[in-house]
Amino acid sequence: MVDIEEEIRSLQLDSAEDNGVVNPEAAQPEVENSNKMEEDSKEEVHPHSVKPEVVEQKGKEKINVDPEEEHDEMELDKKRHLNVVFIGHVDAGKSTTGGQILFLSGQVDDRTIQKYEKEAKEKSRESWYMAYIMDTNEEERVKGKTVEVGRAHFETESSRFTILDAPGHKSYVPNMISGASQADVGVLVISARKGEFETGYERGGQTREHVQLAKTLGVSKLLVVVNKMDDPTVNWAKERYDEIGSKMVPFLKTSGYNVKKDVQFLPISGLVGTNIKNRVDKTVCSWWDGPCLFEALDAIEIPLRDPKGPFRMPIIDKFKDMGTVVMGKVESGSVREGDSLFVMPNKVPVKVVAIFIDEDKVKRAGPGENLRVRLSGIEEEDILSGFVLASVANPIPAVTDFFAQLQILELLDNAILTAGYKAVLHIHSIVEECEIIELISQMDPKTKKPMKKHIRFVKNGAVVVCKIQVNNLICVEKFSDFPQLGRFTLRTEGKTIAVGKVIDPPSTYPLKLSS
């Protein structure tokens, strides 16, 4: 299993399609162009109101909530909720920017900041103190590298946000994938410091890999924040900001982003908090007329998903606390206290005992929310990451093989892909070893239709329809029905070799999808 976890993620996904919204109920099953495999579903978020609260590390915290704190359904619709993942190269300033956001939005008081400043000074790391708000364990503080996906909450006047602080180091790509797969919006943090942008952007740097991975995982909107603008090597120079933009724009386009519609650039200083909550002063930066980070986040438009769809919540973690508690993001439908659901793929009937958004107990929750759900009828050890909480009337299919349209990115050592090729499959919160058992047809890059000739192998850049088999039952949906549960990546030896989507069996193929 450790190998699989390692393999999971080293990020190099290309893919993507146009940026049309893909609604779970009404997505379009179409064959993508050869360079772009992803119709990026813009997963949307159903509002809920919640009391913000300081960082909490993903994991096994206890939930002790007073019944009087319960939030009613009427309160749920006041503010929309968005998951924001912070991505980018190691040392770009992701955790520092996240910590500054929490401080500026009132989630952290001055005394706590003073304590972190003292701690950072003792470690001779004075500039790291803001990152300590997000990086809460000792390993992260000593090395100055995020390992887990840090989680925190803050509010603006119109929105509630969950920050997912993803690790930038390539060794922790598996954790980055789990953060990005839950996100609605990406904040790509780039260091403007001389030499640091170049290191992150060049081959082998995490800036490129994170962008491609985010796109493949369905992060449809991107804010590119050019950080460290106050650095002595930059000093808020427009030339440096423009240089970074000129290099990033073509790359973002090739990764599948519509730069005019879905990407916004802005300069900030995460360490001192410039242009985050309030616009940068003209005396500091005379040329910037755009919004600050909070305004840009508030202005992002993400269409709502249907709260009446079939309930789907992939489980990312589980623990014991007065019963069995599972964590995940609602990808479709709504859930209420008292609901009967299935834990798939084992079809175990469970009852919803309690629902928590952040630390607050609520009666119901809709799509886009990060939940902890206390269940009765199942033991914690009988649940694995990748299982899905689903409605009884319309449970998610459980399969051991499925048909897929695959975009080959970069095979190791310029190898060929044939039947029998083995890799590691990542689809929503699932990580499974898989094998390509049959190549069915190759897509013509010009017509987007299957070619007539029979194929035995394909090379880099090809788009192919194939059949994929896994050892254990897994829960997947067709991309056209639920994009979030039907897009996947294939990785091997720490490298992403292909991206794909689950499709209907080809009409000429005699077998049906297993169920």
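The values are calculated or read from the model by the stated rules, or taken from the named source; none is laboratory data. None of the values given here were measured: they were computed from a predicted structure. When we count neighbours, we look across all protein chains shown, and the Cβ atoms used for this are built from the backbone with ideal geometry, even at glycine. The protein model used for the area step is the full one, side chains on, heavy atoms only, and it has no ligands, DNA or RNA in it. Shrake-Rupley method; radii C 1.70, N 1.55, O 1.52, S 1.80 Å.
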- Task: Go through region 232-274 and give me each residue that's free of Cβ contacts under 8 Å to residues at least 40 places away in the same chain and either out of contact with any Phe, Trp or Tyr (no Cβ under 6 Å at 6 or more places or on another chain) or more than 21 Å from Ala296 (Cα to Cα) (or both).
- Result: Pro232, Asn235, Ala237, Glu239, Asp242, Glu243, Ser246, Val249, Pro250, Lys253, Val259, Lys260
- Query: Quick one: would you say Val325 is buried (at least 22 other Cβ atoms within 10 Å of the Cβ) and within 25 Å of Pro307 (Cα to Cα)?
  - Reply: yes
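What number of residues within region 377-394 are open to solvent by 10 Å² or more (accessible area, probe 1.4 Å) and under 24 Å from the mean Cα position of the chain (by Cα)? Show your work before the answer.
The first filter runs over region 377-394 and keeps only residues open to solvent by 10 Å² or more (accessible area, probe 1.4 Å), leaving 377-382, 384-385, 387, 391-394.
Imposing the further condition that a residue be under 24 Å from the mean Cα position of the chain (by Cα) reduces the set to 384-385, 387, 391.
Total satisfying the criteria: 4.
Within region 187-217, work out how many residues are out of contact with any strand residue (DSSP E or B) (no Cβ under 6 Å at 6 or more places or on another chain) and either among the aromatic types (Phe, Trp, Tyr) or open to solvent by less than 20 Å² (accessible area, probe 1.4 Å) (or both).
Here is the first cut: in region 187-217, the residues out of contact with any strand residue (DSSP E or B) (no Cβ under 6 Å at 6 or more places or on another chain) are 193-196, 198-209, 211-213, 215, 217.
Narrowing further to those that are either among the aromatic types (Phe, Trp, Tyr) or open to solvent by less than 20 Å² (accessible area, probe 1.4 Å) (or both): 200-201, 205-207, 209, 211, 213, 215.
The qualifying residues number 9.
Are there strands (runs of 3 or more DSSP E) fully within region 372-474 with at least 1 residues that are under 29 Å from Asn346 (Cβ atoms) and of a type in the set (S, T, N, Q)? List them.
On the way: elements: 388-391, 398-408, 422-427, 430-442.
By residue number, 388-391, 398-408.
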- Task: Kindly provide the set of residues from region 219-265 that are out of contact with any Gly (no Cβ under 6 Å at 6 or more places or on another chain), of a type outside the set (Val, Ile, Thr) and part of a strand (DSSP E or B), ordered by number.
- Result: Lys221, Leu223, Gln264
- Give me a count of the residues in region 96-119 that are in contact (Cβ under 8 Å) with a residue 60 or more places away in the chain and open to solvent by 10 Å² or more (accessible area, probe 1.4 Å). 4
- Scan region 309-355 for residues that are touching a strand residue (DSSP E or B) at 6+ places or on another chain (Cβ under 9 Å) and not in a loop (DSSP other than H, G, I, E, B) and report the count. 30
- By residue number, the members of region 447-500 that are closer than 21 Å to Arg312 by Cα and open to solvent by 20 Å² or more (accessible area, probe 1.4 Å) are Asn472, Leu473, Lys478, Asp481
- Message: Quick check on my filter: what residues within region 330-347 are in contact with a helix residue (DSSP H, G or I) (Cβ under 8 Å, 6 or more places away or on another chain) and open to solvent by 40 Å² or more (accessible area, probe 1.4 Å)?
- Response: Asn346
- Item | Filtered residues of region 277-308 (kept if part of a loop (DSSP other than H, G, I, E, B), free of Cβ contacts under 8 Å to residues at least 40 places away in the same chain and open to solvent by 40 Å² or more (accessible area, probe 1.4 Å)) | Asn278, Arg279, Asp281, Lys282, Thr283, Ser286, Asp289, Glu301, Lys308
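For region 432-446, which positions are in contact (Cβ under 8 Å) with a residue 40 or more places away in the chain and surrounded by 21 or more Cβ atoms within 10 Å (Cβ to Cβ)?
Going through region 432-446, the residues in contact (Cβ under 8 Å) with a residue 40 or more places away in the chain turn out to be 432-434, 440-441, 443, 445.
If the condition is that a residue be in contact (Cβ under 8 Å) with a residue 40 or more places away in the chain and surrounded by 21 or more Cβ atoms within 10 Å (Cβ to Cβ), then Cys434, Met443 are the ones that fit.
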